[in-house]
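Contents: one structure, followed by commentary.
Every read-out reported here was derived from the displayed coordinates using simple, explicitly stated rules and does not represent laboratory data. Just so you know, these numbers come straight off a predicted model, no measurement behind them.
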Amino acid sequence: MSLLLPAFQKLLDEQHWKRASQNLVRKRRPREEGTLPLVKINGRTLINFCGNDYLGLSAHETVINAAKAALDKFGFGSGASQLVSGYTILHRQLEEALAEKTGRDRALVFSTGYMANQAIINGLMGRGDLVAGDRFNHASLIDAAIISRARFKRYPHCDTAVLTTLLNQHNKGKKMIVTDAVFSMDGDIAPLEELSAIGKQHEALLVVDDAHGFGVLGKSGCGALEEQGLGQADVPLMMATFGKALGGFGAFVAGDADLIEALTQTSRTLIYTTAPPPAIAAAALAALELLGTEPWRRTKLRELITQFIRGATERGIPLSGSDTAIQPIIQGSAESALNASQYLLEQGFWIAPIRPPTVPAGTSRLRVTLTAGHEPAQVDALLESLAIALEKCRN
Ligand SMILES: *Cc1c(COP(=O)(O)O)cnc(C)c1O
């Protein structure tokens, strides 16, 4: 018998019933072993098509060895906040390498991207200020804007006309524009050049979250900003994470030296939290170097994306126009996404269904992610099963 207080029990029961009736219950599936692309779940080997390890670096020997060497030298935990004694020479080297790679004055490392976004918005914005964000921005940017107590306005996806109106309407306090570079559930890219021009025109600080572009896009893997030729003068603050293309864990913010210094002094998600373990910094540093020494990973990923788009088009699989490693196949109802995902699981492919509230109601989807760790034959096999899954699981 449950010992929960009745008020809580009633609420939880109601919420659970509602989720269950709408096919919105989420399940975690423990991986038993394996690295990209093959993982074992429930004793079965599956091809993972829903991870963000875009370059296949999480299992790279150089990355693993760098982490091991750091473990031997520094132990596992960092032991304290960065501002107390948790900061090591590895964190410092990583920040210097990131500043150089991105062509920014300085970089600051955070334990997670969620926390980095908190630091940026909550640290720089407050009452009386305006934060304008794309409607499809990552939840961490939305939460940070809400917590900051600034006026928070969301503009329709990539709608720069509405954004301009919002900025025109706000004549006191500071202004900030925040956007994903590559939108995490859709794979499309924000109109960064235009946003930069609007930011300059309206004296609004442009902040770009390049979690899904960093490592993957740009000639040297420096992300969407490199691809579009946008430097620090165009985008004063950028952030990206180590958890995606770098195959690691953690994040960084890079930009103007004064902004970075201010964040170092004031970020609650930097000061009041344990520094990332030194081995995490060492792994990120090694992965960052691999962006330069193994450009073939980006080339291979690009080829697999082209193959996927061409193959899907030939088979009549409806794509959304994304040109990145994130390829959503929007089905509509949560039930059909759930069923299609289940069918694919039975066929040996792991693609988690993406449902509300992660995406708007009526746009539940399979979000296929491609990585340099996949092989062309695996992509072809996926396309075959995907076509059948969609046929079987129509709305
Ligand atoms: C994953 C992600 C984050 C959060 O990064 P974590 O390091 O996983 O906390 C932030 N922004 C975007 C766009 C992301 O995709």
Exercise. Can you tell me the Rg and Dmax of the chain, counting just the alpha carbons, in angstroms?
Worked result: 21.5, 62
Exercise. Could you list, bin by bin from short to long, the percent of Cα-Cα pairs of segment 1-135 in 10 Å steps?
Worked result: 8, 19, 26, 28, 17, 2
Exercise. In percent, what relative contact order does segment 269-395 have, based on Cα pairs under 8 Å that are 6 or more apart in sequence?
Worked result: 28 percent
Exercise. Roughly what % of DSSP beta bridges within the chain run antiparallel, to the nearest 5?
Worked result: 55 percent
For this session: Would you work out the relative contact order for segment 195-251, in percent, from Cα pairs under 8 angstrom that are 6 or more residues apart?
Result: 33 percent
For this session: Would you mind calculating the relative contact order of the chain from Cα pairs under 8 angstrom and at least 6 residues apart, reporting the percent as a whole number?
Result: 22 percent
Problem set entry | Sum of -39500 (n - 2.57) over DSSP H runs of 4+, divided by residues of the chain (222 nm, nearest 500) | -13500 deg cm²/dmol
Problem set entry | Anchor residue 172: lysines whose Cα lies under 28 Å away (excluding residues fewer than 8 positions away in-chain) | 153, 200
